[in-house]
Amino acid sequence: MPEPIEVRKIPLRHVSDASGLAELIDSRVLEADRVIAVIGKTEGNGGVNDYTRIIADRAFREVLVTKGSRSAEEVAGVPIVWSGGTDGVISPHATIFATVPADQAVASDEPRLSVGFAMSEPLRPEEIGRRGMIEKVAAGVRAAMAGAGIIDPADVHYVQTKTPLLTIQTIREAKARGQRVWTENTHESMDLSNGATALGIAVALGEIEMPDDSVVLHDRSVYSAVASCSSGVELDRAQVVVVGNVRGIGGRYRIGHGVMRDALDADGIWTAIADAGLALPDRPRSGDLAGRLVNVFLKCEASADGMVRGRRNAMLDDSDVHWHRQIKACVGGVAASVTGDPAVFVSVSAAHQGPDGGGPVAAIVDLGPEPVTGYPPR
């Protein structure tokens, strides 16, 4: 049986700020050596050259090394997934996952939060967007599920990944080996990497059968309802974090998921919160969360037809501000209006992650005794 999980959300006061993590460790909320994953938002441009992700990554790993007994090499193996871009009201933050000793956790026979992680085999540039990537990601998801003690894929509610995208350097390396990459547009390769990764998640969880390469980025009716995929220049393989529920593990927290059908679908967020086990009235408001919502994790995408609920928008035609930034700001505002907290994890480039124009939502809630640990109502 895996150990129970403690999960907390902390603000980033500036791009290299890891003081919130240090404070959690110093106050003995969690131990540095027990931190097993971090998922956060940084304030960069969210693009290929968003180096705020690297700056934040370094700051957090330095705290784990300084405050714990693990070596830098051991800490380098901790999955820390940064999604760049806090457009609109989205506030930079990080969600910290750590194990706790079973005898220190709230006892419960109900399903409670469990986390597993894995690294895939290295991904070659020519595999990005193709079957090789899908198969390697699927294997990584299965390994992470085993680490979380999750047997039934239905108990998986959120899979966060970080995968490599294509850069001029990696494209050049592939060509030197006589290989062809899916695209030489490095920005497009973000959507490509995320989309193929999502299909690998869907295969691992039995949501779909193994797709043909022709499906990638072309058939948006094929998707995972729990995938949240991010890509960047930081690594050369898939970093996989599986979050689900295990009965009898104990602890305060539980996760659920839902799906936003379009960019305005606040009900999809409320569905995820209710699926996590939080009792809500028929017409909930943010005050009804009563400090029990730890965080929500969303993916979003501009609908390929340029429409939302029958009305056209100009996001896909805008040459000044990329649609990645516009849809992120839109969905971030919708999510913050539900939660009452601008520190929401909203990530763009949601190919094969939820339906076209929508996206998956995961919610973690605190079901333990008072005092609760989520964001208090303001």
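Out of all the residues in the stretch 306-313, is one or more open to solvent by 10 Å² or more (accessible area, probe 1.4 Å), farther than 13 Å from D87 by Cβ, part of a loop (DSSP other than H, G, I, E, B) and of a type in the set (A, V, I, L, M, F, W, C)?
No.
Could you run through the stretch 81-127 and say how many residues are of a type in the set (S, T, Y) and out of contact with any Lys or Arg (no Cβ under 6 Å at 6 or more places or on another chain)? Lay out the reasoning, then the answer.
The first filter runs over the stretch 81-127 and keeps only residues of a type in the set (S, T, Y), leaving 83, 86, 91, 95, 99, 108, 114, 120.
Narrowing further to those that are out of contact with any Lys or Arg (no Cβ under 6 Å at 6 or more places or on another chain): 91, 108, 114.
Final tally of qualifying residues: 3.
Inside the stretch 206-227, can you point out the residues that are over 24 Å from V241 (Cβ atoms) and not charged (D, E, K, R)?
Passing the criteria: S214, V215, H218, S221.
Any residue in the stretch 168-195 that is among the hydroxyl-bearing types (S, T, Y) sitting within a Cβ distance under 8 Å of a residue that is open to solvent by 60 Å² or more (accessible area, probe 1.4 Å)? List the pairs, counting only those 6 or more apart or interchain.
T186/I168; S189/W182
Quick one: which helices (runs of 4 or more DSSP H) lie wholly within the stretch 1-100 and hold at least 1 residues that are surrounded by 21 or more Cβ atoms within 10 Å (Cβ to Cβ), of a type in the set (A, V, I, L, M) and touching a Ser or Thr at 6+ places or on another chain (Cβ under 9 Å)?
Working: elements: 19-26, 52-67, 72-75.
Helices (runs of 4 or more DSSP H) meeting the threshold: 52-67.
Yes/no matrix, rows are residues, columns are (1) over 20 Å from V89 (Cα atoms); (2) free of Cβ contacts under 8 Å to residues at least 12 places away in the same chain:
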position: R283; (1), (2): yes, yes
position: G287; (1), (2): no, no
position: R292; (1), (2): yes, no
position: K299; (1), (2): no, no
position: V308; (1), (2): yes, no
position: G359; (1), (2): no, no
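Take the residues of the stretch 319-337 that are of a type in the set (A, V, I, L, M) and in contact with a Leu (Cβ under 9 Å, 6 or more places away or on another chain): which is nearest to V294 (Cα to Cα)? Steps first, answer last, please.
Restricting attention to the stretch 319-337, the residues satisfying the condition of being of a type in the set (A, V, I, L, M) are 321, 327, 329, 331, 334-336.
Those left that are additionally in contact with a Leu (Cβ under 9 Å, 6 or more places away or on another chain): 331, 334-335.
Details: V331: 18, V334: 17, A335: 13 Å.
Checking each candidate, the answer is A335.
Assigned to a strand (DSSP E or B), more than 25 Å from I54 (Cβ to Cβ), among the hydrophobic types (A, V, I, L, M, F, W, C) and within 17 Å of the chain's Cα centre (by Cα) - does that describe any residue in the stretch 157-179? Write out each step before concluding.
Here is the first cut: in the stretch 157-179, the residues assigned to a strand (DSSP E or B) are 157-164.
Still in the list and also more than 25 Å from I54 (Cβ to Cβ): 157.
Subset that is among the hydrophobic types (A, V, I, L, M, F, W, C): none.
Looking for residues that are assigned to a strand (DSSP E or B), more than 25 Å from I54 (Cβ to Cβ), among the hydrophobic types (A, V, I, L, M, F, W, C) and within 17 Å of the chain's Cα centre (by Cα), one finds none in the stretch 157-179, hence no.
Counting only residues that are buried (at least 17 other Cβ atoms within 10 Å of the Cβ) and among the charged types (D, E, K, R), which one in the stretch 283-305 is modelled with the lowest pLDDT?
Among them, the one singled out is E301.
Could we say that A174 is out of contact with any strand residue (DSSP E or B) (no Cβ under 6 Å at 6 or more places or on another chain) and either under 21 Å from L217 (Cβ atoms) or open to solvent by 40 Å² or more (accessible area, probe 1.4 Å) (or both) here? Outline the logic, then answer.
Values: out of contact with any strand residue (DSSP E or B) (no Cβ under 6 Å at 6 or more places or on another chain): yes; either under 21 Å from L217 (Cβ atoms) or open to solvent by 40 Å² or more (accessible area, probe 1.4 Å) (or both): yes.
Yes, satisfied.
Just the residues that are buried (at least 23 other Cβ atoms within 10 Å of the Cβ) and within 14 Å of K41 (Cβ to Cβ), please, taken from the stretch 325-338.
K328, V331, G332, A335 - these are the residues of the stretch 325-338 that are buried (at least 23 other Cβ atoms within 10 Å of the Cβ) and within 14 Å of K41 (Cβ to Cβ).
If I go through the stretch 234-275 residue by residue, how many of them are part of a loop (DSSP other than H, G, I, E, B) and closer than 21 Å to G77 by Cα?
3
Considering only residues of the stretch 122-136 that are touching a residue at least 40 places away in the same chain (Cβ under 8 Å) and part of a helix (DSSP H, G or I), which is surrounded by the most Cβ atoms within 10 Å (Cβ to Cβ)?
Of all residues in the stretch 122-136, those touching a residue at least 40 places away in the same chain (Cβ under 8 Å) come to 122-126, 128-131, 133-136.
Then keep just the ones that are part of a helix (DSSP H, G or I); that gives 125-126, 131, 133-136.
Numbers: P125: 24, E126: 21, R131: 16, M133: 28, I134: 26, E135: 17, K136: 22.
Among them, the one singled out is M133.
The values are calculated or read from the model by the stated rules, or taken from the named source; none is laboratory data. All values derive from a computational prediction rather than experimental measurement. Neighbour counts are summed over all protein chains in view; Cβ atoms, including those assigned to glycine, are modelled from backbone coordinates with ideal geometry. The area values use the complete protein model at the heavy-atom level, side chains included, leaving out ligands, DNA and RNA. Shrake-Rupley method; radii C 1.70, N 1.55, O 1.52, S 1.80 Å.
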